[in-house]
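Written below as structure tokens is the structure these notes are about.
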Amino acid sequence: MKTTMRDTFLATVLEEMRASPDVVLLSADFGAPAIDAIRAEFPDRFVNVGIAEQNLINLATGFALEGFRVIGYAIAPFITMRCFEQIRVSLAILSQLRPMNVTLVGVGAGFSYDVSGPTHHCIEDLAVMSALPNLSVYSLSDHTQAPLFAKHCLATPGIKYLRFDAKPHEPVCDVGNDGLIERGFRVLNSGRDLAIVSTGYMSHVAWSLLPELRAEGIDPLLIDLVAYNCVDTTALEAELAHAPRTLLLQEAVLDRSIENSLRRMAGGKLEAMGVGDRYIFEIGSRDQIHDAAGIGRAQVLDRILQRHAALA
């Protein structure tokens with residue numbers, strides 16, 4: 001069934017708010033029917049700060065220091081880069097000294113706000129947020145994962161950033177999410193001819209390539225990386241150990257820190273495909289924007305087949 005990460009996440013938050021009086025939801029001029037339900041039932045634990053993400057971070061810090069578990073919700077580029085200094089000082093730095101539980105939720109990962117242009121395209125957040133100590137980054141691929149991470153983040157002290165797609169999608173596939181919280185990734189296909197590590201929407205792209213790759217005699221290991229900067233490296237390295245090469249796919253500018261980390265886990269046999277060093281002003285569908293950014297489905301398939309032919 002197609003639905004959004006936002007809706008399944010907020011439905012779980014509402015359940016948690018009914019069970020516990022210490023959960024607070026803050027929004028930066030960003031609404032949804034699921035938020036309307038929370039506002040109606042818990043008007044004293046919901047605050048819309050307006051177009052003021054910096055203030056949202058400061059308010060979240062105050063609530064957290066008073067013992068509340070806080071969720072801050074806004075459009076992804078704005079809740080990360082518009083208020084980066086506040087996140088760095090009030091959350092990343094201060095949480096090292098004082099216990100806090102704050103989860104930032106950014107809706108609009110990658111190019112999911114496709115027609116809104118580069119101001120709303122969120123391609124830098126993975127690298128920017130992963131650069132901060134004391135902050136865990138989660139890049140979800142479908143709505144089945146959102147309830148798990150709503151419960152996990154509310155139950156786990158610290159500072160977290162959840163990256164949500166804005167559009168409704170079917171689940172990537174039916175493999176389920178067993179062990180996802182513990183390992184931080186899931187195996188979508190257990191082939192060994194090539195490892196493809198993807199995150200967010202690119203896990204949908206990777207899964208869609210499976211029939212064509214198998215038709216070419218390639219059975220890939222497909223890994224959906226969710227705990228972007230806090231994955232169980234021992235478990236992931238064990239999965240990658242038998243693959244002759246690894247390809248990283250992300251709907252974002254390439255993050256050299258995660259690229260280098262994966263390269264070590266893959267024994268040095270890593271290539272990466274991400275958004276090039278330019279913003280995309282072209283207006284079109286997400287697929288068209290991917291083509292312009294160099295991560296189109298056909299471009300990924302061609303890259304894989306060319307490298308496979310060269311190594312054959």
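Scan the range 66-77 and report the pairs whose first residue is in contact (Cβ under 8 Å) with a residue 24 or more places away in the chain and open to solvent by 40 Å² or more (accessible area, probe 1.4 Å) and whose second residue is part of a strand (DSSP E or B) and of a type outside the set (S, T, N, Q), with Cβ atoms within less than 9 Å and a gap of 6+ or a chain change. Partner pairs satisfying both residue conditions: PHE68/VAL23; PHE68/VAL24; ARG69/VAL23; ARG69/VAL24; ARG69/VAL102.
If you go through the range 91-99 one residue at a time, do you hit one that is out of contact with any Asp or Glu (no Cβ under 8 Å at 6 or more places or on another chain), assigned to a strand (DSSP E or B), farther than 14 Å from CYS153 by Cα and not basic (Lys, Arg)?
Taking the range 91-99 and keeping what is out of contact with any Asp or Glu (no Cβ under 8 Å at 6 or more places or on another chain), we get 91-99.
Next, only the ones that are assigned to a strand (DSSP E or B) stay: none.
Looking through the range 91-99, none of the residues is out of contact with any Asp or Glu (no Cβ under 8 Å at 6 or more places or on another chain), assigned to a strand (DSSP E or B), farther than 14 Å from CYS153 by Cα and not basic (Lys, Arg).
Could you pull out the residue among GLU282, GLU239, GLU259 that is free of Cβ contacts under 8 Å to residues at least 40 places away in the same chain and surrounded by 15 or more Cβ atoms within 10 Å (Cβ to Cβ)? The conditions single out GLU259. Filtered by the rule that a residue be open to solvent by 40 Å² or more (accessible area, probe 1.4 Å) and basic (Lys, Arg), the range 152-171 gives a lone residue, LYS167. Scan the range 293-304 and give yes if some residue there is under 22 Å from the mean Cα position of the chain (by Cα), touching a residue at least 24 places away in the same chain (Cβ under 8 Å), in a helix (DSSP H, G or I) and over 18 Å from THR119 (Cβ atoms), otherwise no. Yes, the range 293-304 has at least one match. The residue that is farthest from ARG82 (Cα to Cα), counting only those in the range 122-133 that are open to solvent by less than 10 Å² (accessible area, probe 1.4 Å) and out of contact with any Asp or Glu (no Cβ under 6 Å at 6 or more places or on another chain), is ILE123. Please give the number of the condition VAL47 fails out of (1) free of Cβ contacts under 8 Å to residues at least 24 places away in the same chain; (2) among the aliphatic types (A, V, I, L, M); (3) not in a strand (DSSP E or B). Only one criterion is unmet by VAL47, namely (3).
When the range 198-233 is limited to residues that are hydrophobic (A, V, I, L, M, F, W, C) and open to solvent by 30 Å² or more (accessible area, probe 1.4 Å), the one that is farthest from the chain's Cα centre (by Cα) turns out to be ALA215. Can you name every residue in the range 17-33 that is within 24 Å of the chain's Cα centre (by Cα) and surrounded by fewer than 18 Cβ atoms within 10 Å (Cβ to Cβ)? Across the range 17-33, the qualifying residues are ASP29, GLY31, ALA32, PRO33. Of the residues making up the range 172-197, just one is over 17 Å from the mean Cα position of the chain (by Cα), open to solvent by less than 10 Å² (accessible area, probe 1.4 Å) and not aliphatic (A, V, I, L, M), namely GLY191.
The values are calculated or read from the model by the stated rules, or taken from the named source; none is laboratory data. Treat the numbers as computed from the prediction; the structure is a model and nothing was measured. Using ideal geometry, Cβ is built from the backbone for each residue, glycine included, and neighbour counts are taken over all protein chains shown. The protein model used for the area step is the full one, side chains on, heavy atoms only, and it has no ligands, DNA or RNA in it. Shrake-Rupley method; radii C 1.70, N 1.55, O 1.52, S 1.80 Å.
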